[in-house]
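Since every read-out is calculated from the coordinates, none of them should be taken as a lab result. Quick caveat, the model's predicted, so the values are computed rather than measured. Every residue, glycine among them, receives a Cβ derived from its backbone with ideal geometry; neighbour counts consider all protein chains shown.
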2 protein chains.
Amino acid sequence: MQKLLSNLKITINENIFLKDPESSDLGKRIVENSILLIDEIGFDDFTFKKLGAKIGSNESSLYRYFENKHNLLVYLASWYWSWTEYQLVFAINNIADPLKKLDLAIEVLTKTTTLDSTFKHIDEVVLKRIIIHEYSKSYLTKQVDLDNDEGYFSIYKRLVIRLKELIQEANKDYKYAFCLANTVIEGSLHQQYLKDHFKSISGLKPNEAPTEFYKDLVFNTLNISPNE
Amino acid sequence: MQKLLSNLKITINENIFLKDPESSDLGKRIVENSILLIDEIGFDDFTFKKLGAKIGSNESSLYRYFENKHNLLVYLASWYWSWTEYQLVFAINNIADPLKKLDLAIEVLTKTTTLDSTFKHIDEVVLKRIIIHEYSKSYLTKQVDLDNDEGYFSIYKRLVIRLKELIQEANKDYKYAFCLANTVIEGSLHQQYLKDHFKSISGLKPNEAPTEFYKDLVFNTLNISPNE
DNA sequence: CAAAATCGATAGTAATACTATTAAATTTGC
DNA sequence: GCAAATTTAATAGTATTACTATCGATTTTG
């Protein structure tokens, strides 16, 4: 993966930031350390003032990159989903069998994240943890429809559409491809949250990913088998 | 439903409130109007000061019922899940066939909510909307493990366990009963959110509930049919 | 009818989520 | 290599939030 994507730059909708954080050293430090700080203290207690203190910069400087902490979260989420989309596209590249493609897609979307050294200033394992804990907060807001109009969630939606199409390719007659695609993508985050904080109702063991559950779910629902 | 549950009182874990809101007129007005106000302005912008103004009471009085707005949200959510649990229990009462029971359970857990006149000070339709929009925020916090220890989510967990048992009764060999139970309960809220705010990736029509999707999903996954 | 509980009003605090200004430092364009 | 433009840090300031504390007035209850 590292080799294949070595000259990849994740492109984020320009509406989300005021100044591209990839364009300067300070911007990269903002992204790098916001991931660590949000992971540490949670998004609700996270402030630009605290982040400024952590990176030895000033609160007001951070506001030149992002309008507010909400947009920073949307940025981090977009980055994560874009990165995931690349992994998915590369995983199924050159594979013809629709069932095998779907199988690999579920694998990418539900597996436990490991470090990708392509991006030196982003720790993907910590970022994934933030996505599991905080992603919902990026859209469960009163301005969600306005944010949506600005294209804040377009990468995520594109990913759902990709999975929906893979599902439809695997079974042309299935009626709920969009519902199922959303179930896998969002549900996978939820299952991983439960594993950490609601052990008594989680069906997963401490280091288990929900991959097998979702493969079983999808292939039984579609009435097909990936090993035919 | 109204008749069957007419002398039902929803019981909420006493750790969640400082003073039982059911024990006074002010308490009931707090619950009734917090539902309406959260629906109107969203949980993030909701404050006890605004609620006090709405019900002609004082901010400081509200703090005598709930430690903070987070606990009020946990209270409302517990009320909702408890009410849902009663509906589930009554729906499957006296039914012997495990498949029929599971079918009815999915129906209760995924259908669109309609008004229940049993509780005059609670609008269940608006409450359901709040649950769809804000429930995740009640557990996606840094104190989730402490809250969990206090029993804040025990009603919700009990409901998941009930569904898990119904799934297991319907198919003793199925390996992922907990994962599937969580998929139906939490996923159903998410599907309904998408229907309202992410139309382009939602598989549901404006007034459609995800009930048929989940019945198809569960029965195909378990390799059984509810009409045998 | 007295004691206890409840409620409303007021005041106060530390923190949040910003905005504005200005001056110093750095980058860039020629 | 220097002037101009840009970026950043520092400071100050504002309205709001999320509470806590106190103190009468009112209501409830035993």
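Brief remarks on what is shown
- Projected onto its three principal axes, the C-alpha set of the range A:25-102 covers 53, 24, 18 Å, listed from the longest axis down.
- Between the Cα long axis of helix B:69-92 and the first principal axis of chain B there is an angle of about 40°, rounded to the nearest 10.
- Sum of side-chain charges, A:Ala91 neighbourhood, beta-carbon under 9 Å (Lys, Arg +1; Asp, Glu -1): 0
- For chain A, the longest principal axis of the Cα atoms and the long axis of helix A:154-170 meet at an angle of about 10 degrees.
- Stokes-Einstein diffusion for chain A, with the hydrodynamic radius set to the Kirkwood value over Cα pairs and evaluated at 37 °C in a medium of 0.692 mPa s, equals 175 µm²/s.
- Between helix A:25-41 and chain A: long-axis angle, C-alpha atoms, 0 to 90°, nearest 10: 70 degrees
- Trypsin sites (Lys or Arg not before Pro) within the range B:94-188, DSSP loop, no more than 15 other Cβ atoms inside 10 Å: B:Lys111, B:Lys120, B:Lys142, B:Lys172, B:Lys175
- Label spacing, shortest first and in nm, from A:Lys157 to its equivalents in the remaining copies (7 angstrom along Cα→Cβ): 3.8
- Charges were assigned to the Cβ only: +1 to each Lys and Arg, -1 to each Asp and Glu. The resulting dipole of the range B:1-138 about its Cα centre is roughly 180 debye.
- Each of A:Gly27, A:Ser200, A:Ser154 was placed along the dipole of the protein assembly as shown (beta-carbon charges, centred on the mean Cα), and the one lying farthest toward the positive end is A:Gly27.
- Per-residue extension of 0.36 nm, minus the Cα-Cα distance of A:Ile95 and A:Ser57, leaves a gain of 8.9 nm for this segment.
- Summed residue charge, Cβ within 10 Å of B:Asn148's Cβ, Lys/Arg positive, Asp/Glu negative: -2
- The Rg/Rh ratio of the protein assembly as shown, with Rg taken over Cα atoms and Rh as the Kirkwood radius over Cα pairs, comes to 0.97.
- Across the range A:66-181, Cα-Cα pairs farther apart than 25 Å form 30% of the total.
- Values of log10 I(q)/I(0), in the order q = 0.11, 0.14, 0.15, 0.23 Å⁻¹, for the range A:133-216 under a Debye, Cα-only, solvent-free model: -0.40, -0.63, -0.71, -1.11
- The range A:214-220 - phi-based ³J(HN,Hα) in whole Hz, Karplus 6.51/-1.76/1.60, Gly and Pro as x: 5, 5, 4, 4, 5, 6, 5
- Whole-Hz couplings from phi, Karplus 6.51/-1.76/1.60, listed for the range B:194-209; x for Gly and Pro: 4, 4, 8, 10, 10, 3, 5, 10, 8, x, 9, 7, x, 10, 8, 8
- Copies compared at B:Asp196 - label distances in nm, ascending, label defined 7 Å from Cα in the Cβ direction: 2.7
- Average partner coverage of A:214-220, which counts Cβ from other chains inside 10 Å: 4
- Rounded to the nearest 20 debye, dipole of the range A:98-226 from Cβ charges on Lys, Arg, Asp, Glu: 180 debye
- Rounded FRET efficiency, nearest 0.05, which uses the C-beta distance separating B:Asn207 from A:Val125 and R0 of 45 Å: 0.60
- 23 Å Cα-Cα threshold exceeded, pairs from B:Lys137/B:Lys205; B:Lys100/B:Lys175; B:Lys164/B:Lys199: B:Lys137/B:Lys205; B:Lys164/B:Lys199
- For the range A:56-77 and the range B:83-102, distance of Cα centres in Å: 49 Å
- Shielding by partners - mean other protein chain Cβ count within 10 Å, residues of A:189-197: 4
- Modelled label positions at B:Lys28 and A:Lys142, each set 7 Å beyond Cα in the direction of Cβ, lie 2.9 nm from each other.
- Bridgeable aspartates and glutamates around A:Lys28 (alpha carbons under 20 Å apart, same-chain partners fewer than 8 residues away excluded): A:Glu14, A:Asp20, A:Asp39, A:Glu40, A:Glu59, A:Glu67, A:Asp116, A:Asp123, A:Glu124.
- Dimensions in Å of the range B:166-205 - Rg and Dmax from alpha carbons: 13.5, 38
- Net charge in the neighbourhood of B:Glu14 (other residues with Cβ under 13 Å of its Cβ; Lys, Arg +1, Asp, Glu -1) is -3.
- Ellipticity at 222 nm from helices only: DSSP H runs of n ≥ 4 in the protein assembly as shown, each -39500 (n - 2.57), divided by the residue count, give -19000 deg cm²/dmol.
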